[in-house]
Structures are given as structure tokens and as C-alpha cells.
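Beneath this line is the structure, given in C-alpha cells, with notes to follow.
The values are calculated or read from the model by the stated rules, or taken from the named source; none is laboratory data. Values in this document were obtained by computation on a predicted structure and should not be read as measured data. As a convention, Cβ positions derive from the backbone with ideal geometry for all residues, glycine included, and neighbour counts pool all protein chains shown. All accessible areas refer to the heavy atoms of the entire protein, side chains included, with ligands and DNA or RNA removed. Shrake-Rupley method; radii C 1.70, N 1.55, O 1.52, S 1.80 Å.
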Number of protein chains: 2
Amino acid sequence: MVEEEKIDLKEGKEKFIQAWGALGSNWGVSRTMAQVHALLLISPKALCAEKIMEELKISRGNANMNIRALIDWGLVHKELHPGERKEYFRAEKDMWEVVRNIIIQRKKKELEPMLRVLDEITAVEGVCEQSDEFCKIIKDIKLFSNKADSTLEKLTKSDANWLMGTFFKMI
Amino acid sequence: MVEEEKIDLKEGKEKFIQAWGALGSNWGVSRTMAQVHALLLISPKALCAEKIMEELKISRGNANMNIRALIDWGLVHKELHPGERKEYFRAEKDMWEVVRNIIIQRKKKELEPMLRVLDEITAVEGVCEQSDEFCKIIKDIKLFSNKADSTLEKLTKSDANWLMGTFFKMI
DNA sequence: GCTAAGCTTCAATATTTTTTGGAAGAAGTT
DNA sequence: AACTTCTTCCAAAAAATATTGAAGCTTAGC
């Protein structure tokens with residue numbers, strides 16, 4: 001009986017890791033990185049590199065690289081246990097924090113560079129009819145992007161509780 | 001002088017196509033697909049397959065596949081010119097419509113399947129301590145995902161003008 | 001300063017994703 | 001029906017990405 005439940009738990013974990021991995025690959029995140037994240041998300045305690053390698057059957061190098069990347073994204077934290085040299089890793093469990101970090105990072109790495117490109121482009125153009133048409137379209141995109149930028153900025157700065165309570169209900 | 005402006009226009013277009021392409025590849029969209037989209041976005045008039053192939057230097061098959069995919073996403077529309085057999089393609093220019101379509105598609109293809117997986121998983125679990133911990137984490141993720149789902153649902157159903165006016169200012 | 005545990009790096013390799021080009025299909029014209 | 005013009009499909013090739021494994025590095029403890 002207990003044995004049977006344990007099999008289910010294992011299956012459940014497996015399923016979640018697979019699903020999260022698949023999700024990641026549609027979002028420009030490597031499957032493995034998303035799986036490491038999933039594994040840590042559903043692990044109540046911090047795991048060491050060895051354990052992650054073993055669970056996901058990946059090499060040391062691979063594990064290391066993906067863990068670093070997750071730390072860079074602010075989705076995973078390093079944890080040191082007194083008297084041990086090994087590093088342990090623990091995922092941020094608060095889903096709003098997770099999404100918030102992702103928004104912050106992607107805004108910085110993608111939206112902001114795009115805004116700069118749009119600025120450059122608008123600056124350059126200006127006389128013939130074709131230029132005007134192009135310029136008009138770019139201005140439109142710029143306007144939208146700026147709105148998106150400031151909305152995201154405010155979103156990430158707002159308090160999680162307020163957000164979940166007031167804001168989500170309101171729409 | 002006019003010649004010089006034309007060069008700038010060309011450069012501007014080039015830059016935009018490159019930037020949009022790079023953006024796409026961080027979002028699980030192939031670079032070429034994003035470039036086709038960019039090219040159509042900044043083109044005041046609809047373009048035929050030939051023109052797209054020529055501008056982006058891609059093969060017929062590649063152009064075709066990516067155009068179809070963009071149509072599936074609802075980002076590009078087919079346009080037939082009376083008396084011509086060729087098909088022309090025109091991008092949706094309203095950025096809110098663009099984003100709206102993307103949200104609708106990704107919600108359907110990613111968020112909803114994930115919700116189903118989360119349901120399956122919660123159903124299975126239940127006795128030992130480990131199961132309980134796992135279950136608790138999954139429930140948390142499910143709660144958040146459901147909230148995200150209904151928020152996106154409402155977002156995509158709301159009117160663009162109201163959204164841009166009231167909502168964005170409010171936060 | 002030496003050793004050993006553990007972390008990092010990176011060139012080689014494997015895998016996945018994209019692209020191509022051509023053959024087959026569809027549809028309008030003579 | 002044969003011809004033309006364009007679209008679609010798909011297997012092979014190319015390109016891009018991810019993964020491995022082992023060498024090298026770092027640091028704590030002796």
C-alpha cells in the first residue's frame with residue numbers, strides 16, 4: 001500500500017518535471033534548465049549537485065551550467081550547510097517571486113534593448129513617402145512597447161499581496 | 001540626398017528585422033519566422049512569397065512554412081488580389097491585437113495543458129509525509145496558474161481601448 | 001605547502017531544430 | 001487535356017544548441 005503510494009509520488013514528480021521541461025522549451029529556456037528548476041521546485045529541501053545529476057541523469061558539467069544559469073535568473077539560491085563543503089540549491093517557491101524575477105530579467109534583456117533599437121530607428125528616418133510610412137509604423141510599435149515597459153515596471157514593483165488580492169480581482 | 005535617405009530607410013528596416021528576429025528566438029519562435037513577421041509588420045502593403053524570399057534570402061519552402069505558421073498564430077492574413085493568382089500576405093498592425101493573439105495561442109497550447117497535468121498530479125497523491133509535501137507545493141503552483149489563467153482570459157476578452165486607457169494608467 | 005573534495009570550464013560530441021531544393025499537388029487558362 | 005503559375009510537402013543537409021567528460025582550478029583542513 002505504502003509502496004503503491006510511493007510509486008505514485010515518483011510518477012507525479014516525473015510528470016511534473018517533464019511538463020515543466022516542455023514548457024521551458026517553448027520559452028527559450030533549455031529543457032534541462034527547466035527540469036532542474038522543476039526538480040528543485042518540488043523538493044522540500046535543498047539538493048546538492050550530485051543529487052540533481054542522479055535524478056535527472058545528466059552530467060556534472062551540464063548540471064553545473066544550468067544551476068548557475070538558474071541562480072543568475074534569481075530562481076534558485078545557493079545554500080551552504082555548516083561543516084560541509086558541498087553546495088546545496090534551493091528554488092524560490094513563491095510563484096509570484098518566480099514570475100516577478102522572470103519579468104525583470106526578460107524586460108532588461110529583451111524589451112529594453114528593443115526600445116533602444118526603436119529609438120535609433122526613429123531618429124534616422126524622415127523625408128520621402130516610404131520613410132514616413134515606415135516611421136509611422138515604428139512609432140506605433142514604440143508607443144506600445146513603452147506602455148508595456150512601464151506597465152511591467154509597475155507590476156514588478158507592486159506588492160505581491162496587493163497584486164493577488166485587489167488587482168487580479170479587478171479586471 | 002534622396003539616395004542617402006533611402007539608404008537610411010533600408011538600414012532602418014534591416015535593423016528592425018534583425019532585432020525582431022533576435023527577440024523571437026528568445027521566445028521559442030524561430031528567428032526566420034520572427035523576421036518574416038517583422039518584414040510584414042513594417043511593410044505598408046501586402047507582400048507575396050517571392051518578395052519575402054528575396055528580402056530575407058530564404059528558400060521557398062522555408063518562406064512558405066513560416067508564413068503558414070504566422071497565419072496559424074493569427075498574426076498574418078492572406079490577401080488575394082483580383083485578377084492575380086499569387087497570394088499576398090499582410091501582418092496585423094495593431095500591436096494590441098498581435099499581443100492578444102499571442103496570449104490566446106500560448107494560453108491554449110501551454111498554460112491549459114499544464115493545468116491539466118497539475119490536476120492529474122494532485123489527484124494521484126495523498127498519504128505519506130513526502131506525498132503531502134509534494135502535494136502542497138503542487139497545489140500552490142496550481143493556485144497561481146489558475147489565477148494567471150483567469151487573468152489572461154479576462155485580459156484577452158477586454159476591449160483594447162478600455163485596456164490601454166483605464167487599466168494601464170491605473171496600476 | 002600538500003591533499004582531497006568539490007566546483008568550473010571548454011573542446012569534442014551528440015542532439016535538436018531549421019533550412020533547402022525538388023517533386024508532387026492544385027487550380028486557373030488556352 | 002496540356003500548360004502555366006503558384007503552393008505544399010518532405011527527406012536530406014546544414015546550422016544551431018545542448019551535453020558530456022575530463023582537465024584544471026579553488027579552497028578547507030591537515
Query - Residues located in region A:32-57, provided they are within 13 Å of another protein chain (Cβ to nearest Cβ) and surrounded by 16 or more Cβ atoms within 10 Å (Cβ to Cβ) - result: A:Ala34, A:His37, A:Ala38, A:Leu39, A:Leu40, A:Leu41, A:Ile42, A:Ser43
Query raised in the report: Assuming A:Glu87 fulfils every condition listed in (1) under 19 Å from B:Ser43 (Cβ atoms); (2) more than 13 Å from chain B (Cβ to nearest Cβ) apart from one, which condition is it?
Result: (1)
Report summary line: Cβ pairs under 9 Å, 6+ apart or interchain, first in region A:12-25 and among the β-branched types (Val, Ile, Thr), second open to solvent by 40 Å² or more (accessible area, probe 1.4 Å) and part of a helix (DSSP H, G or I), ordered by first then second residue, are A:Ile17/A:Glu55
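Could you tell me whether region B:8-31 includes any residue that is within 12 Å of DNA strand C (Cβ to nearest atom), outside the structural domain of B:Asn161 (by TED's automatic domain parsing), under 21 Å from A:Lys139 (Cα atoms) and open to solvent by less than 20 Å² (accessible area, probe 1.4 Å)?
Going residue by residue through region B:8-31, those that are within 12 Å of DNA strand C (Cβ to nearest atom) are B:21, B:24-31.
Next cut, outside the structural domain of B:Asn161 (by TED's automatic domain parsing) only: B:21, B:24-31.
Restricting the remaining residues to those that are under 21 Å from A:Lys139 (Cα atoms) gives B:21, B:24.
Filter again for open to solvent by less than 20 Å² (accessible area, probe 1.4 Å), leaving B:21, B:24.
Looking for residues that are within 12 Å of DNA strand C (Cβ to nearest atom), outside the structural domain of B:Asn161 (by TED's automatic domain parsing), under 21 Å from A:Lys139 (Cα atoms) and open to solvent by less than 20 Å² (accessible area, probe 1.4 Å), one finds at least one in region B:8-31, hence yes.
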**Report entry** Yes/no for A:Val29 being within 28 Å of B:Arg116 (Cα to Cα), more than 14 Å from chain B (Cβ to nearest Cβ) and not small (Gly, Ala, Ser)
**Finding:** no
Query raised in the report: So is A:Ser145 in contact with a Leu (Cβ under 6 Å, 6 or more places away or on another chain) and under 17 Å from B:Lys13 (Cβ atoms) or not?
Result: no
Report summary line: Going through (1) outside the structural domain of A:Lys157 (by TED's automatic domain parsing); (2) under 30 Å from B:Lys13 (Cβ atoms); (3) open to solvent by less than 70 Å² (accessible area, probe 1.4 Å) one by one, A:Arg106 fails only at (1)
Report task. List the number of the failed condition for B:Arg116; all other conditions in (1) in a helix (DSSP H, G or I); (2) touching a helix residue (DSSP H, G or I) at 6+ places or on another chain (Cβ under 8 Å); (3) away from DNA strand D (no atom under 12 Å from the Cβ) hold. Result -> (2)
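Yes or no: B:Arg60 within 9 Å of DNA strand C (Cβ to nearest atom), within 14 Å of another protein chain (Cβ to nearest Cβ) and either open to solvent by less than 50 Å² (accessible area, probe 1.4 Å) or of a type in the set (D, E, K, R) (or both)? So that I can check it myself, show each step before the final result.
Working: within 9 Å of DNA strand C (Cβ to nearest atom): yes; within 14 Å of another protein chain (Cβ to nearest Cβ): no; either open to solvent by less than 50 Å² (accessible area, probe 1.4 Å) or of a type in the set (D, E, K, R) (or both): yes.
For B:Arg60, the condition - within 9 Å of DNA strand C (Cβ to nearest atom), within 14 Å of another protein chain (Cβ to nearest Cβ) and either open to solvent by less than 50 Å² (accessible area, probe 1.4 Å) or of a type in the set (D, E, K, R) (or both) - is not met.
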Report task. Of the numbered conditions (1) under 30 Å from B:Ile17 (Cα atoms); (2) in the same structural domain as A:Leu9 (by TED's automatic domain parsing); (3) among the β-branched types (Val, Ile, Thr), A:Thr122 fails exactly one; give the number of that condition. Result -> (2)
Query - region B:116-148, residues that are buried (at least 16 other Cβ atoms within 10 Å of the Cβ) and more than 9 Å from chain A (Cβ to nearest Cβ) - result: B:Lys142
Query raised in the report: Just wondering, is there one or more residues in region B:82-90 that are under 22 Å from A:Asp140 (Cα atoms) and basic (Lys, Arg)?
Result: yes
